[in-house]
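The structure appears right after this line, and notes come after that.
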Amino acid sequence: MLAIGLMSGTSRDGIDAALIETDGEGISKPVAFHAMPYLDGFRIRLAEACQRAMAMDKPGFEPLIQSVEGELTELHVEAVSDLLARSGHVAQDIAVIGFHGHTVAHRPEWRWTWQIGDGAALAGAFGIPVVGDLRSADVAAGGQGAPLMPVYHRALASGLPKPVAILNLGGVANITAIGEAGGLLAFDTGMASGLIDNWMQTHSGKPFDENGVTAAKGQIDEARLASLMADSWFDLPPPKSIDREAFTLDTMRGLSLEDGAATLTAFTAKAVARALDHLPSPPSAIYVGGGGRHNATLMAMLSAFTHADVRPVDDLGWDGDALEAQGFAYMAVRRLKSLPISFPGTTGVPVPMTGGVLFDPA
């Protein structure tokens, strides 16, 4: 069946919309992809909504967050419309939409996670069933609610030599380790582009460090890097997850633009290397998806710190920009079939379980 997947990630740069043909099991064929960037004003409001949500004891009414949710939903309607137009399909062709929404706060230690976005409104806009709120059931059952991509990674990687690892570099980084028998172990490794982007926006006015050029000109401050890596979170056994707001730029105060970028880039790579210590066996290769794979300095640091064969997922014929959106389309179909999307080895949930709330068109 044809399914659309939508992802607004922790990098806060825009919406990824993917159309795939899938049975939610072993078949997944990409059909179309569209990336719609956020305008700067909305990006700022979204970041403020995340900060306010992280300061709350639990999800609830907050005027700015409610306003941003309305804007976010309208932007997703626009993204779906654009995707359909580009693909040559109409709404009646689509069986389901997987709608991640945007995570404004992630508190699995308090048994809640909060993704904003109005699934009912999206379903009503197109007359297509929508599967949203994909993480809450997992968290309520004692899981981390993240990462959710491993079930899709395993389907894509069925023909690869094992063990193998798929690394996603968005605002936060997460890794999927697939064993020889298809077993899954997955968890967040730490920050990815989130802190680097914050540093560049604060100190250069640029949205991100394009291709890692700024970091390449700097020197890693080893003492500050060691201070960041001393956080006890890195010693926690997986499965585990982390919020983008868990680390700040305070440790970088006083550094030049270039040295700060280099140190934060090394922080991402070093955290991935530390994550490999948690795997039962070293992967034959690490394939990297997400926007971070375009950062040549980060990719070089990953190779140096992990001593592994690090390659972009594009080397496999996958679309590294579309992967997460495709994954949510795949999971939406699994939800329709009552198939699990999270597992003890991926989120720490007690038993494999499906997830997501189904919003039928009014």
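Remarks
Listed here are the residues, each with its yes/no results for (1) touching a residue at least 60 places away in the same chain (Cβ under 8 Å); (2) out of contact with any strand residue (DSSP E or B) (no Cβ under 6 Å at 6 or more places or on another chain); (3) closer than 17 Å to R52 by Cα.
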position	(1), (2), (3)
I94	yes, no, no
F99	yes, no, no
W112	no, yes, yes
L122	yes, no, no
A125	no, yes, no
V131	yes, no, no
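- Candidates M191, M149, filtered to the one that is closer than 22 Å to S338 by Cα, in contact (Cβ under 8 Å) with a residue 60 or more places away in the chain, under 19 Å from the mean Cα position of the chain (by Cα) and open to solvent by less than 20 Å² (accessible area, probe 1.4 Å): M149
- Residue match in the stretch 232-244 (condition: at pLDDT 95 or above and over 26 Å from E180 (Cα atoms)): yes
- Inside the stretch 73-120, residues that are within 22 Å of V333 (Cα to Cα), part of a helix (DSSP H, G or I) and touching a Gly at 6+ places or on another chain (Cβ under 7 Å) make up a count of 4.
- Extreme residue, farthest from T202 (Cα to Cα), among residues of the stretch 247-300 that are among the hydroxyl-bearing types (S, T, Y) and under 20 Å from the mean Cα position of the chain (by Cα): Y287
- Test: residue in the stretch 202-223 that is closer than 27 Å to P108 by Cβ and not β-branched (V, I, T): no
- Here the stretch 7-32 is the region considered, the condition is being at pLDDT below 95, over 19 Å from the mean Cα position of the chain (by Cα) and among the small types (G, A, S), and the residue that is surrounded by the fewest Cβ atoms within 10 Å (Cβ to Cβ) is G26.
- Some residue of the stretch 272-294 being open to solvent by 50 Å² or more (accessible area, probe 1.4 Å) and without any contact (Cβ under 8 Å) to a residue 12 or more places away in the chain: yes
- Hits in the stretch 342-360 - residues which are farther than 16 Å from L185 by Cβ and either at pLDDT below 95 or surrounded by 15 or more Cβ atoms within 10 Å (Cβ to Cβ) (or both): M353, T354, G355, G356, V357, L358, F359
- Long-range neighbours under 8 Å by Cβ, at least six apart or interchain, first residue free of Cβ contacts under 8 Å to residues at least 40 places away in the same chain and within 22 Å of F234 (Cα to Cα) within the stretch 249-268, second assigned to a helix (DSSP H, G or I) and open to solvent by less than 30 Å² (accessible area, probe 1.4 Å): T251/L228
- Residue within the stretch 126-145 that is of a type in the set (F, W, Y) and out of contact with any Gly (no Cβ under 8 Å at 6 or more places or on another chain) present: yes
- Within the set I116, I97, the sole residue that is over 16 Å from the mean Cα position of the chain (by Cα) and at pLDDT 95 or above turns out to be I97.
- Counting the residues of the stretch 194-218 that are of a type in the set (A, V, I, L, M) and either open to solvent by 60 Å² or more (accessible area, probe 1.4 Å) or farther than 30 Å from P282 by Cα (or both) gives 3.
- Pair list, Cβ < 9 Å and 6+ apart or interchain, from the stretch 45-64 residues that are over 17 Å from W110 (Cβ atoms) to residues that are acidic (D, E) and open to solvent by less than 40 Å² (accessible area, probe 1.4 Å): A49/E62
- Of all residues in the stretch 234-288, those satisfying the criterion of being touching a Phe, Trp or Tyr at 6+ places or on another chain (Cβ under 9 Å) and of a type in the set (F, W, Y) are F247, F267, Y287.
- Selection from the stretch 306-334 of residues that are over 23 Å from H34 (Cα atoms) and either in a loop (DSSP other than H, G, I, E, B) or open to solvent by less than 60 Å² (accessible area, probe 1.4 Å) (or both): T306, H307, A308, D309, V310
- Taking first residues from the stretch 232-245 that are within 17 Å of A273 (Cβ to Cβ) and basic (K, R) and partners that are surrounded by fewer than 18 Cβ atoms within 10 Å (Cβ to Cβ) and at pLDDT 95 or above, the Cβ contacts under 8 Å between residues at least 6 apart in sequence or on separate chains come to K240/W233.
- Entry remark, the stretch 226-257: residues being more than 25 Å from V104 (Cα to Cα) and surrounded by 18 or more Cβ atoms within 10 Å (Cβ to Cβ) number 2 in total.
The values are calculated or read from the model by the stated rules, or taken from the named source; none is laboratory data. Please read all numbers here as calculations on a predicted model, not as lab measurements. All Cβ positions, even for glycine, are placed from backbone atoms using ideal geometry, and neighbour counts span all protein chains on display. Accessible surface areas use protein heavy atoms only, side chains included; no ligands, DNA or RNA. Shrake-Rupley method; radii C 1.70, N 1.55, O 1.52, S 1.80 Å.
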